[in-house]
Amino acid sequence: MIRKLTTWLVAACVAGGALAQGAPSDEQRRRLIEQKLRLVEMLVNSPAAKSSAYGRDAETPKLVEQGKALLDEARGALADGRLDEAAAALDQALKSASSASRRLKSEGGLSDSAQRKQLADMTEQVRTYRAALDDLRRDDKLADEATQVLMRVDGLAAEANKLSEAGRLGEANKHMADAYKIAVEELSRLRAGQEVVLSLKFDTPADEYAYEQKRFGSNQIMVDMMVGEGRAEGGRRQLVDRFVGEGQRLKREAEGLAESGKYTEAIASMEQATKQLNRALQSMGVPVF
């Protein structure tokens, strides 16, 4: 994926040079910038880039985050009609993303420990939503449906654990992500129009912040799954990208606050970041809360 996207980006840059020779109109430049922006987004938001935070190299995730910050700059400049600034920010974003992709390639992909960390985070999220689904079995009107959903969720989670024990971690993560998707969608459907309360206890604000980070990551995986299923085609993709971009910006803001020890503010920012991903999911027809 990284190599293919880099190739496409180079092609886009070449096309940009060709257009420059023909003195393109502002509309042509805008279309080219928008195309390049989508490609850079795909690169910095690829599964490999997202999982760099779990890798062995501390510099790679910094490059990925730098690329995302530059993408935010490019979006803002493009929205204001500052095409030169948008193009310049995208060029820098591409450099950061390309450097990150080279480092990821040299690392030889995700380590087993990184994949196990992803699986553990997703498993924790599944357990949280599973508990809420289990509570629905006390409602006579919802008990049968809730039981059926739990069987599906538990089946996928059990298969994920078997795959993990067999060392097939990539497949295990896919099954657990499917379990999470079903749990969230079905809980939202069964509780439509009602307030959903998840029972969570944290010893410290830092623990709660860590949970919100994991929740954001799980929802990001869901967004990627829905996009991969073709639910963001046409004009809807722009809307999804905008929500995801704002979510990523808020997440970076939260990380800065957490580094300064301001966990209460960081938690609030992470909650807002996750709301942006929820809006992206809702725009693709996924009932989430």
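The values are calculated or read from the model by the stated rules, or taken from the named source; none is laboratory data. As the structure is a computational prediction, the values presented were derived from the model and not from experiment. Backbone-built Cβ (ideal geometry, glycine too); neighbour counts: all protein chains shown.
Some observations on this one:
- The single residue among Gln276, Gln213, Gln220 that is more than 20 Å from Thr128 (Cα to Cα), of a type outside the set (Lys, Arg) and either crowded, with 16+ Cβ neighbours inside 10 Å or more than 15 Å from the chain's Cα centre (by Cα) (or both) turns out to be Gln276.
- Here Glu259 meets the list (1) under 23 Å from Gln118 (Cβ atoms); (2) surrounded by 16 or more Cβ atoms within 10 Å (Cβ to Cβ) almost entirely, failing just condition (2).
- Long-range neighbours under 8 Å by Cβ, at least six apart or interchain, first residue closer than 11 Å to Phe243 by Cα within the range 269-289, second outside any helix (DSSP H, G or I): Asn278/Val288; Asn278/Phe289; Leu281/Val288; Gln282/Val288; Ser283/Ala232
- Here Lys181, Lys174 are screened, and the one residue that is outside any loop (DSSP other than H, G, I, E, B) and crowded, with 20+ Cβ neighbours inside 10 Å is Lys181.
- Hits in the range 59-77 - residues which are aliphatic (A, V, I, L, M) and either loosely packed, with under 15 Cβ neighbours inside 10 Å or at pLDDT below 85 (or both): Leu63, Val64, Leu71
Yes/no per residue for (1) in contact (Cβ under 8 Å) with a residue 12 or more places away in the chain; (2) of a type in the set (Asp, Glu):
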{"residue": "Asp135", "(1), (2)": "no, yes"}
{"residue": "Lys141", "(1), (2)": "no, no"}
{"residue": "Asp144", "(1), (2)": "no, yes"}
{"residue": "Leu150", "(1), (2)": "yes, no"}
{"residue": "Leu156", "(1), (2)": "yes, no"}
{"residue": "Ala160", "(1), (2)": "yes, no"}
{"residue": "Gly170", "(1), (2)": "yes, no"}
{"residue": "His175", "(1), (2)": "yes, no"}
